[in-house]
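Below is one structure, written out as structure tokens; comments come after it.
The values are calculated or read from the model by the stated rules, or taken from the named source; none is laboratory data. Since this is a predicted model, take the numbers as computed values, not measurements. Using ideal geometry, Cβ is built from the backbone for each residue, glycine included, and neighbour counts are taken over all protein chains shown. The area values use the complete protein model at the heavy-atom level, side chains included, leaving out ligands, DNA and RNA. Shrake-Rupley method; radii C 1.70, N 1.55, O 1.52, S 1.80 Å.
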Amino acid sequence: EEDWFFEALTETYVPLVRVMDGLLRDGVDYRLTMTLSPTLLSMMTDELLVERYHRYLDRLVVLAEKEVERTTREDARFTDLARFYVTELGDVRRIFRERYHSNLVRAFRKHRDAGKLEIITCGATHGFLPLMDTVPQAVRAQVQVAVAHYRGLLGRDPLGMWLPECGYMPGQDRFLVDAGIRYSFLESHGLTDADPAPAHGVLAPILSPGGVAFFGRDMESSRQVWSSESGYPGDFDYREFYRDIGWELPLEYLGDTVPDGLRKNVGIKYYRVTGKVALHEKEPYVPAWARDKAASHAGKFLGHRQAQGMQAGAG
């Protein structure tokens with residue numbers, strides 16, 4: 001749905017560009033690899049979706065400004081948070097509209113051309129390649145169309161490809177080789193179950209018969225950044241995704257942020273994870289606490305990866 005795309009731009013892609021811009025401005029020699037799929041790139045460059053995203057952002061900024069007034073009258077606990085959303089949404093709108101003239105692909109190209117960002121592609125329509133194995137022309141199309149689309153928008157051929165759902169069948173590396181893809185990624189068992197078994201598990205890539213380097217997903221790293229049970233996302237100080245004013249305030253007040261009259265997340269959330277409690281028992285979100293916790297988690301994650309590397313080296 002369009003709302004998913006707009007939410008991703010507002011909550012992920014524009015803030016990510018903002019961080020990368022800051023690193024580049026401060027002379028930080030960062031390195032990052034990320035996937036921009038053909039479908040995502042197509043949406044980012046679609047004139048109709050861009051026009052609708054402008055309206056989406058404008059409505060959200062107006063709603064956040066209304067929230068400053070409402071919370072001041074009704075519940076001052078959330079007034080600073082409402083101001084936070086006014087500032088944050090206004091900054092996202094400024095970066096998108098003024099700095100990059102509504103073209104985020106330009107932003108990612110800038111960082112790639114600076115030698116800091118490696119952009120890889122994905123299957124053209126995120127087709128699950130193992131299920132297409134009986135129709136090799138379909139597998140070939142998923143790869144070739146993705147590479148051609150990347151070339152058209154980003155001005156060069158991609159070197160890497162994230163296989164949809166990390167799905168792979170033996171022999172499909174030939175389609176990657178034909179398209180000039182030099183490396184890709186698999187689930188951990190894609191490497192650990194290989195024949196012969198890799199000497200370093202998922203901690204080093206292996207070469208396919210066709211010469212494509214395959215990296216395995218490290219489950220230990222994934223759990224820390226992905227799992228809400230044993231990883232960082234479930235921390236009590238982070239923002240609670242599922243409690244949103246779009247479900248709580250009167251529809252007539254929400255106005256054209258819910259133009260069809262159907263309740264949904266609008267992106268303004270005042271509560272933190274708190275713990276395993278009911279939604280109505282969640283406590284107010286404190287951005288400063290979340291920022292401090294994110295810095296702590298980043299340090300711990302780096303320490304764990306260093307320890308993991310040292311242990312693997314010693315073994």
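Solvent-accessible area assigned to carbon and sulfur over region 71-147 amounts to 53 percent, based on a 1.4 Å probe. Ranking 310, 4, 82 by Cα position along the charge dipole of the chain, where only Lys, Arg, Asp and Glu carry charges on their C-beta atoms, puts 310 farthest toward the positive end. Can you tell which of 294, 194, 210 lies farthest toward the positive end of the dipole of region 160-315, using +1 and -1 charges on the Cβ of basic and acidic side chains (Lys, Arg; Asp, Glu)? The residue sitting most towards the positive pole is 294. Counting only protein heavy atoms and using a 1.4 Å probe, the accessible area of residue 178 comes to about 100 Å². Restricting attention to the chain, close to 25% of DSSP beta bridges with both partner residues there are antiparallel. Here the peptides 126-132, 94-100 are ranked by packing, the mean other Cβ count within 10 Å, and the order with the highest first is 126-132, 94-100.
Using C-alpha pairs below 8 Å separated by at least 6 residues, the relative contact order for region 165-270 is 19 percent.
Whole Å is fine, so just give me how far the alpha carbon centre of region 76-91 lies from that of region 207-246. One Cα centre to the other: 28 Å. What separates the Cα centres of region 9-43 and region 110-159 is a distance of 18 Å.
Protein-only accessible surface at a 1.4 angstrom probe places the residues 59, 243 in the order 59, 243, largest first.
With angles folded into 0 to 90 degrees, how steeply does helix 79-94 sit against the dominant principal axis of the chain? Use alpha carbons for both and round to 10. The helix 79-94 is inclined about 50 degrees to the chain. Only Cα pairs under 8 Å and 6+ residues apart enter the sum, and on that basis the relative contact order of the chain stands at 13 percent. Per residue, the accessible area of the chain comes to 54 Å², computed with a 1.4 Å probe over protein heavy atoms only.
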